Each structure stands twice: as C-alpha cells, then as structure tokens.
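Undergrad: Okay, handing you the structure first.
FYI, it's all coordinate maths here, none of it is from the lab. What you see is a predicted model, and the numbers here were worked out from it, not measured in a lab. Using ideal geometry, Cβ is built from the backbone for each residue, glycine included, and neighbour counts are taken over all protein chains shown.
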C-alpha cells in the first residue's frame, strides 16, 4: 500500500475511477468495470481486491427505497451529555449500537455532542426510542429533535474528484 505519510492510501487515477464507478453502481460486473477504467478484467479485479483489503472500499450495501416499502419517519436528534467524560461518550456510543432505529451517529463539536439519524415506523416508536436514549446510562441531559419533512438530496457517494485533489 502506498502512503502519503499520514497513513492514507495514495490512489492513482485508475483506482479513483474504480472507486467512483463502484459508488455509482456496486453491482457492475468486473468486465464492465474493467472496460470503464481501461484495464483487463484480471488487472481490474486485482485492484478491486487490493482496495477492499486496504479498507478503501466495502462493505457493499444496497440502497433501499423505504417510500416503496412502508410508512416511516426520519428524525435528526441532537444529543447533549451532562459531562464530556470519555466514559460517558463510550457508554452512549455502545448503547446506540443496540438501537436499530439509529441508522447513523456522529460525534460533533458545537452546541451538542452527537447528531443521530433515526428512522422509525411512526412518532409513537420515536418516543420510545427517545426514552431509551434518555435512559442510556450516559447522562443524557438534552435531546433536540427535528422531523425530516423532505429529503431533498440523498447521499449518492463522496465527491472523490474534489476530495483527492
């Protein structure tokens, strides 16, 4: 693995193209991917496997269109802990691993400590999840919730061209 001194993997243009193509369609065949990036299928597969081994890509997931499957609500919750003791952060982080409705959690700076993306069947279930969070044992003192009305731009991948310049 090539490194730039910071432990980050250095990608050449072909690796960048492979990752960009896989972000758009992870189900693409190796043959199609090889044609897109200008490699033989065996060379392309070797590069994909190396990117996977290095932790640059994967695990692969399918995008689920919940609108077609069920009713649901998405809430963005800003969680504040009573103290900034590392133990409280670890307790909260471990706790949310067991809450399936929490689909994303980020530790942030600013007016709160965590921002959660929570997907529930309905508001009643969100209230139950909220109570669980308050009783997590991590000294949660405040949860500010925003109900998502419309998801205007869905995540479709990272802007690699801009980030890797």
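Undergrad: How would 102, 141, 64 line up from fewest to most surrounding beta-carbon atoms within 10 angstrom?
TA: The most exposed by this proxy come first: 64, 141, 102.
Undergrad: Between the helical axis of 41-53 and the dominant principal axis of the chain, each derived from Cα atoms, what acute angle in degrees is found, rounded to the nearest 10?
TA: That works out to roughly 30 degrees.
Undergrad: Please report, in whole Å, how far the alpha carbons of region 14-165 spread along each principal axis, starting with the longest.
TA: Result for region 14-165: principal-axis Cα extents of 56, 38, 26 Å.
Undergrad: For region 26-120, calculate the relative contact order in percent as a whole number, restricting contacts to Cα pairs under 8 Å that are 6 or more residues apart.
TA: Here the relative contact order equals 25 percent.
Undergrad: Mind jotting down the distance between the C-alpha centroids of region 1-80 and region 91-165, whole Å?
TA: Using only Cα atoms, the two centres lie 24 Å from each other.
Undergrad: In addition: For the chain, take the longest principal axis of its alpha carbons; what is the angle in degrees between that and the long axis of helix 86-97, to the nearest 10 within 0 to 90?
TA: Roughly 70 degrees, rounded to the nearest 10.
Undergrad: Follow-up. Fewest first, what order do 118, 28 take by the number of other Cβ atoms within 10 Å?
TA: 28, 118
Undergrad: Angle between the Cα long axis of helix 13-24 and the longest principal axis of the chain, 0 to 90 degrees, nearest 10?
TA: 50
Undergrad: Could you grab the relative contact order for the chain? Cα pairs under 8 Å, six or more apart, rounded to a whole percent.
TA: 23
Undergrad: While we're on this one: Let me have the 222 nm mean residue ellipticity of the chain computed from DSSP H runs of 4+ only, each contributing -39500 (n - 2.57), with the sum over all residues rounded to the nearest 500.
TA: The helix contribution divided over the chain gives -11000 deg cm²/dmol.
Undergrad: Rounded to two decimals, what ratio of Rg to Rh does region 1-63 give with C-alpha atoms and a Kirkwood Rh?
TA: 0.97
Undergrad: Here's something else I'd like to know. For region 66-147, what mean projected area does the convex hull of the alpha carbons give, in nm²?
TA: Its average projected convex-hull area is 5.1 nm².
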